[in-house]
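The values are calculated or read from the model by the stated rules, or taken from the named source; none is laboratory data. As the structure is a prediction and not an experimental result, all values here were calculated from the model. Because the Cβ atoms are built from the backbone with ideal geometry, glycine has one as well, and the counts that use them run over all protein chains shown. Heads up: the accessible areas ignore ligands, DNA and RNA and are worked out on the full protein's heavy atoms, side chains in. Shrake-Rupley method; radii C 1.70, N 1.55, O 1.52, S 1.80 Å.
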Amino acid sequence: MNEQTVTPSRIAICEDERIVALDIRAFLQRNGYEVPAIYAAAEDLLRDAEEIKPDLVLMDIHLQGEMDGIEASAELLQRWSIPVILLTAYADGPTIERAKLTHPYAYILKPYDERELKTAISIGLYRASMEQRLRSSEERYRGLFENGLAASMLVELGGRILETNKAYRTLAPEAESVREFIDDEVVYGEVMRAMASGESYGPNEIEVRRTDGKEAWALLSAAPIVLPDGGRAYQYQAVDVTERKTLMDQLIHAQRLSALGRFAGGVAHDFNNVLTAVMGYARLLRSDFEVEGRGLEELDGIDQAAKRAAALSRQLLMFSRRDESKATAFRLSNLARENERILKRIVGDGFSIIVRAFDGNDTVVVDKGRLEQAIVNLVANARDAMPSGGRIVLATGVQHTQAETPGAIEPVPAGDWAYIEIQDEGTGIPKATQAKIFQPFFTTKPADRGTGLGLATVVGIVRQAGGRITMNSALGKGTTMRLLFPRASERLLESAGDAEASIAKPYGKPVRCQDKTVLLVENDNSVLTIAEALLDRAGYRVVTANHPGEALLVVEKMAAAPDVVVVNDKMPLMSGFELVERFRAREPMLPALFLLNAETIDGDSASADDGQAAYRMPREARLRKPFSEEDLLEAIAALLGP
């Protein structure tokens with residue numbers, strides 16, 4: 001059996017009489033104690049106390065040096081919690097009264113009795129070990145209180161805060177009472193009523209009052225406790241939930257935006273069906289009016305209004321994040337000129353828009369519609385930064401960077417860049433705010449005027465195009481936001497065709513094709529009716545069906561398969577892609593034109609598990625609603641071939 005080794009207690013001696021000191025050492029060693037050192041002066045003992053770390057000190061009062069034993073005892077207790085037994089020949093009243101102030105573990109007069117000294121040492125060491133354990137326990141629980149994750153405070157019944165921990169001083173550093181801690185008057189009243197009646201409170205989520213103006217929320221609980229002296233108080237626990245509440249608010253906001261986006265997508269779907277019919281009927285009327293030579297201006301007005309409505313529909317889709325991203329080559333200078341008029345309407349009276357367009361090559365390859373959205377967001381921010389009106393400059397240009405330069409969010413790499421920038425003469429953005437303005441949901445505007453998504457949207461649009469953002473702002477002088485994009489070659493612009501040149505597409509004569517059968521499947525009656533009329537006028541034999549089931553029955557009764565299928569991509573029970581797959585089981589090379597709805601993204605196979613296969617088949621095309629007569633007929637003619 002292993003025997004446990006007991007380490008002897010270490011007792012230092014501080015005695016200026018050498019013979020007495022040696023006698024005491026011999027006594028201690030006979031009784032199993034270890035004597036690390038003997039000192040004649042208190043200063044020497046204090047110098048070595050940290051190194052020898054005695055468990056107990058036997059101390060004479062009158063010693064060599066300037067410090068006596070009473071002063072040394074106080075120093076040992078205060079700095080290292082080392083207990084002292086005073087072993088002295090002095091028993092006068094003043095000396096004893098001074099000795100009491102140092103809380104000695106015993107006071108033994110010389111000449112000492114060995115049994116009395118042995119008993120005093122045993123009791124002193126035991127008392128010292130108990131006090132050490134008590135101190136360790138107090139330090140442990142003090143550490144738990146001080147370093148606890150929750151903000152803790154001890155509060156008297158009147159509401160004054162008596163004691164706090166580190167978490168509380170971080171949450172509400174200057175609050176010295178419950179009234180200064182709780183921001184809401186109603187909540188404060190509830191807490192004080194609970195304290196007055198001796199009841200517990202919470203846990204409830206409250207807003208914390210901070211003098212620095214920062215928003216803070218906490219989950220507050222309070223319970224009565226009895227103090228060691230018998231008094232009553234309250235212990236408060238406040239868990240900081242500011243970040244959780246902020247994230248929850250953002251989640252709710254995002255869910256609302258998502259629901260609104262789905263609603264916008266649905267509106268755009270129905271809206272585009274109506275626009276398809278409007279544009280088709282206007283095209284039919286145009287042919288009749290051209291013969292009579294009247295009413296063309298009115299039809300032009302209808303056509304332009306329909307195109308503006310289609311643009312509005314695209315904006316709804318952009319908001320719902322279901323728009324299709326298509327990068328095209330165009331000049332930033334042309335984009336700035338074209339948007340001047342609409343930007344003037346956006347900023348309203350009291351503001352002026354000045355466009356400074358670059359004369360050289362500032363061609364970029366970007367999704368034009370999304371870039372226009374980014375510009376509108378920045379111009380709206382510039383307007384809001386000038387409550388009394390002012391001037392907004394929209395400038396384009398090019399820049400070459402030899403090396404990486406700082407950007408608003410990320411560095412701008414070396415290279416050739418084309419840029420478009422928005423300058424205002426507004427209030428400027430404080431330095432502390434500049435690092436946050438691009439974060440989602442961050443806004444300095446009132447809740448009814450800003451969502452905090454404007455600049456975050458700009459960041460997403462610019463990043464998607466491989467661009468960068470720089471910003472310069474000074475308080476009282478205004479802000480300049482510059483969007484940089486990799487500059488493209490003019491040859492790319494020429495080969496792709498400048499998008500601006502094709503905006504006003506001239507009307508041509510419809511493509512006519514005899515002896516071809518078109519199966520038209522469309523569940524929206526307005527689109528079905530106008531598409532049938534346009535195809536019939538172009539010379540096609542048109543067979544219609546209002547839903548996939550009817551289309552399958554129609555094809556079974558036809559003597560020959562249709563030459564081409566024109567089908568809505570999304571219909572109840574079966575998608576257009578699935579329907580075409582059913583047809584192609586019998587006619588593998590059957591051409592198909594898919595009419596894409598507003599919420600459909602090119603390549604989206606969400607309509608059906610096998611819908612993506614239809615996109616990989618040959619002899620097919622896609623046409624997004626609303627479409628013109630020319631677009632419809634040209635797409636079908638291309639599928640049928642020469």
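Taking amide H as placed 1.01 Å from N in the peptide plane, VAL542 has its amide H under 5 Å from the amide H of VAL518, each at least 5 places away in sequence or on another chain. With a Förster radius of 22 Å applied to the C-beta separation of SER122 and LEU22, the computed FRET efficiency comes to 0.50. Computed over segment 1-102, the Cα gyration tensor eigenvalues convert (square root of 5λ each) into semi-axes of 25, 15, 13 Å, ordered from largest to smallest. Counting only the heavy atoms of the protein chains, how much of TRP217 is accessible to a 1.4 Å probe, in Å² to the nearest 10? Accessible area of TRP217: about 50 Å².
At full extension, ARG179 and GLU131 could sit 13.4 nm farther apart than now, given 0.36 nm per residue minus the alpha carbon distance. The charge dipole of segment 11-158, taken about its Cα centre with unit charges on the Cβ of Lys, Arg, Asp and Glu (plus for the first two, minus for the last two), comes to roughly 600 debye. Projecting the alpha carbon convex hull of segment 68-186 along each direction and taking the average yields 11.3 nm². Place a label point 7 angstrom from the Cα of LEU227 along the Cα-to-Cβ direction, then list the residues of segment 154-169 whose backbone nitrogen is under 16 Å away. Counting backbone N atoms under 16 Å from the label point, the list is 154-164.
On a 24 Å Cα-Cα criterion, which of the cross-link pairs LYS431/LYS477; LYS344/LYS477; LYS436/LYS477; LYS214/LYS431; LYS368/LYS625; LYS53/LYS110 come out too long? Listed pairs above 24 Å: LYS53/LYS110.
Accessible surface comparison of MET130, MET571, probe 1.4 Å, protein chains only, largest first: the order is MET130, MET571.
Note that segment 353-406, at 25 °C in a medium of 0.890 mPa s, gets a Stokes-Einstein diffusion coefficient of 181 µm²/s from its Kirkwood radius over C-alpha pairs. Here the extension length gained between ALA474 and LYS214 equals 91.3 nm, from 0.36 nm per residue of separation less the Cα-Cα distance. Under the simplified labelling scheme, the GLU146-ASP44 pair shows an inter-label distance of 3.7 nm, with each label point 7 Å from Cα along Cα→Cβ.
Take the Cα of GLN235, go 7 Å toward its beta carbon, and the backbone nitrogen atoms of segment 118-158 under 20 Å from that spot belong to 134-158. Distances longer than 22 Å among the Cα atoms of segment 122-219: what percent of all pairs is that? Of all Cα-Cα pairs in segment 122-219, 41 percent lie more than 22 Å apart.
Cα centroids of segment 375-436 and segment 116-171: 57 Å apart. To put it simply, the accessible area of segment 18-73 at a 1.4 Å probe is 46 percent carbon and sulfur. With the biggest extent put first, the Cα atoms of segment 33-78 measure 26, 21, 16 Å across the principal axes. Over segment 1-146, accessible surface divided per residue gives 60 Å², non-protein components excluded, 1.4 Å probe. For segment 180-197, backbone nitrogen atoms closer than 18 Å to the point 7 Å from LEU162 Cα along Cα-to-C-beta are found at 192, 195-197. Working from label points 7 Å from Cα in the Cα-to-Cβ sense, the ARG345 to HIS103 distance is 8.4 nm.
For the pair ALA585 and GLN402 in one chain, pulling the backbone fully straight at 0.36 nm per residue adds 59.9 nm over the alpha carbon distance.
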